[in-house]
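Asks: A single structure is presented below for examination.
The values are calculated or read from the model by the stated rules, or taken from the named source; none is laboratory data. Note that this is a predicted model, so its numbers are computed, not measured. Virtual Cβ from ideal backbone geometry, glycine too; neighbours counted across all protein chains shown.
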Amino acid sequence: MQCDRVADRLPQIVDGVERAAPEVRAHVETCLRCQAELVQYRKLLKALRQLRTDFLEPAPGTVTAILAQLEAAGERGAMRSLLTGHRAAYLGGIAAAATAAGAAGAIVLASRGRRKMRLAG
Amino acid sequence: MAPDMAELVIAAKAGDKQAFTQLVEATKADMYTLAYRLTGNAEDAQDVVQEAYIRAYKSLKRFRGDAKFTSWMYRITANCAKDQLVKGSRNRHDAIDETTEAVDERPGPEARLGTADERRVLAEALQSLSPDMRAVVVLRDVYDLPHDAIAAELGITEGAAKVRLHRARRKLRERLFPLRGEDDGREERARAV
């Protein structure tokens, strides 16, 4: 196997998540250049993992700004639910009125029907 | 005594704003650092962190607690950073892809990685990558997020995330640990400057 083809695989297998194909492993075992390259990838990964313990501090007032935005978002949410609630009550009122009107109409029609039947009888 | 993160999460989910504030206090430097590494500048990082905590607060009830709060926040921060970079690229009218990668013509740091300023050199090398490549390598190799989570937050397939990761590792390795023959081109460029 050629070094170039193995070199393409090294960044994939360096962390051990993906298993190297047998022919890649066989090549690396006998090729000093590819072994050196793999060592360099391992050094890179180690250095990257160490960055995890480095912290930068955000600007002072970050927490205050976040809380202020949350408060503002909370107030907008409350306002929205209030408006939604009013709209629901309004639509509910219309629906109730329509239902009542429909029921009254049905009663009138039913009573007229009974009267016609009595006259015919 | 340091606050117990799991207890704070439970309290915050129950509506305790003070508990959420403590969660922000405990994790803000971590999230800001991630945001800075992904966006490459302090102003964007600040915006990303604020947006991330607001999104976290709104979706806190959906956080099941089977992952660590910090891992969950990493994902949200990564997603916000992606949105911020897209917004920035729209404003700049240039696309974020591998072709927009910054080209650093200075000589490589090579063996200086073993010295005291190793982390600064590495951080500079990360910033030389395109935002797409940088995001994947930072999330995977610095913050240890799984491939599927990275793909989900960046809106790409797992396969694409892996390809970007391998390219990014290769570029970093070539820049920071060049093998014999690999730094010839860089030396020529340095001489030309």
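Asks: Identify all residues within the range A:1-31 that are over 15 Å from residue B:166 (Cβ atoms) and within 11 Å of another protein chain (Cβ to nearest Cβ); write none if there are none.
Replies: Across the range A:1-31, the qualifying residue is only A:3.
Asks: Considering only residues that are touching a residue at least 40 places away in the same chain (Cβ under 8 Å), closer than 21 Å to residue A:47 by Cβ, of a type outside the set (Ser, Thr, Tyr) and not in a helix (DSSP H, G or I), which ones fall in the range B:117-164?
Replies: Once the filter is applied, which keeps residues that are touching a residue at least 40 places away in the same chain (Cβ under 8 Å), closer than 21 Å to residue A:47 by Cβ, of a type outside the set (Ser, Thr, Tyr) and not in a helix (DSSP H, G or I), the range B:117-164 yields B:129, B:145.
Asks: Restricting attention to the range A:11-40, which residues are under 34 Å from the mean Cα position of the chain (by Cα) and either closer than 17 Å to residue B:176 by Cα or assigned to a helix (DSSP H, G or I) (or both)?
Replies: Passing the criteria: A:11, A:12, A:13, A:14.
Asks: For residue B:9, indicate whether it is over 18 Å from the mean Cα position of the chain (by Cα) and either of a type in the set (Lys, Arg) or more than 23 Å from residue B:146 (Cα to Cα) (or both).
Replies: For residue B:9, the condition - over 18 Å from the mean Cα position of the chain (by Cα) and either of a type in the set (Lys, Arg) or more than 23 Å from residue B:146 (Cα to Cα) (or both) - is not met.
Asks: State the number of residues belonging to the range B:24-58 that are in contact (Cβ under 8 Å) with a residue 12 or more places away in the chain and either closer than 20 Å to residue B:151 by Cβ or part of a helix (DSSP H, G or I) (or both).
Replies: 24
Asks: Restricting to the range A:51-61, give me the number of residues that are outside any loop (DSSP other than H, G, I, E, B) and more than 7 Å from chain B (Cβ to nearest Cβ).
Replies: The total comes to 1.
Asks: In addition: Would it be correct to say that residue A:84 is modelled with pLDDT of 90 or more, of a type outside the set (Asp, Glu) and part of a helix (DSSP H, G or I)?
Replies: No.
Asks: Another question about this same structure. Are there any pairs, at least 6 apart or on different chains, whose C-beta atoms fall under 8 Å, with the first in the range A:43-65 and over 18 Å from residue B:145 (Cβ atoms) and the second loosely packed, with under 15 Cβ neighbours inside 10 Å and modelled with pLDDT of 90 or more, and if so, which?
Replies: A:59/B:42; A:63/B:25
Asks: Output yes when any residue across the range B:62-70 is free of Cβ contacts under 8 Å to residues at least 12 places away in the same chain, over 23 Å from residue A:57 (Cα atoms) and in a helix (DSSP H, G or I), and no when none is.
Replies: Yes, the range B:62-70 contains at least one residue that is free of Cβ contacts under 8 Å to residues at least 12 places away in the same chain, over 23 Å from residue A:57 (Cα atoms) and in a helix (DSSP H, G or I).
Asks: State all residues of the range B:165-180 that are in contact with a helix residue (DSSP H, G or I) (Cβ under 8 Å, 6 or more places away or on another chain) and in a helix (DSSP H, G or I); if no residue qualifies, say none.
Replies: B:165, B:166, B:167, B:168, B:169, B:170, B:171, B:172, B:173, B:175, B:176
Asks: Looking at A:45, A:70, which is the one that is facing chain B (nearest Cβ under 9 Å), at pLDDT 70 or above, farther than 30 Å from residue B:47 by Cβ and part of a helix (DSSP H, G or I)?
Replies: A:45
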